[in-house]
Amino acid sequence: MAFPQEVHYTFGDLLSWNDGNRYELYDGRPVALASPTAVHQQVSGELFAQLHSYLTGKPCRAYYAPFDVRLFEKEGEAPEDIDTVVQPDLFVICDRSKVDEHGVHGAPDLVIEILSPSTARQDKLVKFNLYLQAGVREYWIVDPGDKTVQTFVLRNGQYVAEVFSESEKRVPVHIFQDCRIDLSLVFQEA
């Protein structure tokens, strides 16, 4: 679908599109999402499995794309008022009242994006800034190509970065005291 550049689109528009494609909205600008690769799916699946296992019996929940996240939605806003919607690869929500029939309203506690050639720019720049502005407490950028994970933890309104490689094996999930992700399993097929 071709979009006129001068039109400002909203979540209401997204809900009405039935063309079989997935989209994100960045300040009213739609971006079509490509289907993930096999490596992306393997990495995503293992990350989800480890998070889901850790969160079993706890109040937080892990979710995966496609699931719309309306980062900046305010109380009482209609879909026509919302112009920024993302579909993170994986995310964790600890306040379950943020989940509704259309996805999630407000910032997740943890967001994980898995790089691919078609999404690297958005994940490293556009989404990085959106997640920072929205107050996402922890943001991960996972690179299956070089088998690294960059973690960004929100402190005093800024992200503090750390980089982990497959050789370091276990990455701490900073929003949880005792959660570690085993990178040897995450990247075993990458």
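The values are calculated or read from the model by the stated rules, or taken from the named source; none is laboratory data. Keep in mind that what you see is a predicted model, and the values were worked out from it rather than measured. No Cβ is skipped: glycine too gets one built from the backbone with ideal geometry, and neighbour counts run over all protein chains shown.
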Checklist entry - So residue 83 fits all but one of (1) crowded, with 18+ Cβ neighbours inside 10 Å; (2) outside any loop (DSSP other than H, G, I, E, B); (3) more than 14 Å from the chain's Cα centre (by Cα); what number is the exception? => result (2)
Checklist entry - Before we move on, is residue 184 hydroxyl-bearing (Ser, Thr, Tyr), surrounded by fewer than 18 Cβ atoms within 10 Å (Cβ to Cβ) and touching a residue at least 40 places away in the same chain (Cβ under 8 Å)? => result no
Checklist entry - Given (1) touching a residue at least 24 places away in the same chain (Cβ under 8 Å); (2) surrounded by 15 or more Cβ atoms within 10 Å (Cβ to Cβ), where does residue 172 come up short, assuming only one miss? => result (1)
Checklist entry - For residues in segment 53-76 being charged (D, E, K, R) and loosely packed, with under 14 Cβ neighbours inside 10 Å, which is modelled with the highest pLDDT? => result 58
Next on the checklist: Return the residues of segment 120-132 that are in contact (Cβ under 8 Å) with a residue 12 or more places away in the chain and either surrounded by fewer than 16 Cβ atoms within 10 Å (Cβ to Cβ) or in contact with a Leu (Cβ under 8 Å, 6 or more places away or on another chain) (or both); say none if nothing qualifies.
Outcome noted: 123, 124, 130, 131, 132
Checklist outcome for this item: For segment 157-180, the count of residues that are assigned to a loop (DSSP other than H, G, I, E, B), in contact with an Asp or Glu (Cβ under 8 Å, 6 or more places away or on another chain) and at pLDDT below 95 equals 1
Checklist outcome for this item: Counting only residues that are outside any strand (DSSP E or B), surrounded by fewer than 17 Cβ atoms within 10 Å (Cβ to Cβ) and either within 14 Å of the chain's Cα centre (by Cα) or at negative phi (or both), segment 143-156 contains a total of 2
Checklist entry - In segment 120-136, is there at least one residue being in a loop (DSSP other than H, G, I, E, B) and at pLDDT below 95? => result no
Item to check | Single residue of 13, 100, 68 found to be in contact with a Gly (Cβ under 8 Å, 6 or more places away or on another chain) and of a type in the set (Asp, Glu) | outcome: 68
